[in-house]
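Trainee: Dumping the structure here so I can ask a few things about it.
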Amino acid sequence: MPVSMEFLRGVLGFIGVACAFMLGRTAGLVRRGQLKPTRLYGWIIRTLLCLGAIAIRHTVDVADIASWSLSAIVFALAFRDASHETKEEPVKLEIYPDEK
């Protein structure tokens, strides 16, 4: 049974949204100086290929615009989350008082 092109476009849209999430996280970590920019370039290429491949055989429709919009929102949220530093609570020795 052959797989429909609409299903494959949906899968590519989902992968594109996931790549946009990783692109946002990587951009935030590169901004903080924790990762090299080469990883950022890799996620940019992956995201553009996945989101661009959705519109190759068809004209731009609701599925394309929804995938692109969701990718932009997910990118912004991941970038915001990764660019803020998280404060880790110190491990207290009172949790396991017998072990020293």
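What follows draws every value from the coordinates through simple rules; no lab data is involved. In this text the structure is predicted, and so the values were computed from the model without any measurement. Please note: Cβ atoms are built from the backbone with ideal geometry, for glycine as well, and neighbour counts cover all protein chains shown.
Trainee: At R0 = 30 Å, how high is the FRET efficiency between THR59 and ASP81 if r is their beta carbon distance? Nearest 0.05 is fine.
Mentor: Approximately 0.30, to the nearest 0.05.
Trainee: Among THR47, THR59, rank each residue by its count of other Cβ atoms within 10 Å, from fewest to most, as a rough exposure measure.
Mentor: THR59, THR47
Trainee: Can you put MET22, MET1 in order, fewest other beta carbons within 10 Å first?
Mentor: The most exposed by this proxy come first: MET1, MET22.
Trainee: Next question. DSSP loop trypsin sites (Lys or Arg not before Pro) in the stretch 1-97 with at most 13 other Cβ atoms within 10 Å of their Cβ, which ones?
Mentor: Qualifying residues, ordered by number: ARG57, LYS87, LYS92.
Trainee: Per-residue ellipticity at 222 nm for the chain, helices alone: DSSP H runs ≥ 4 residues times -39500 (n - 2.57), over residue total, nearest 500 deg cm²/dmol?
Mentor: It lands at -23500 deg cm²/dmol.
Trainee: Quick check on the exposure proxy: order VAL30, VAL11, VAL17, VAL3 from fewest to most C-beta atoms within 10 angstrom.
Mentor: Values: VAL30 19, VAL11 13, VAL17 22, VAL3 8.
Final ranking by Cβ density, sparse to dense: VAL3, VAL11, VAL30, VAL17.
Trainee: Could I ask something else about it? So what's the convex hull volume per residue for the Cα atoms of the chain, in Å³?
Mentor: 175 Å³
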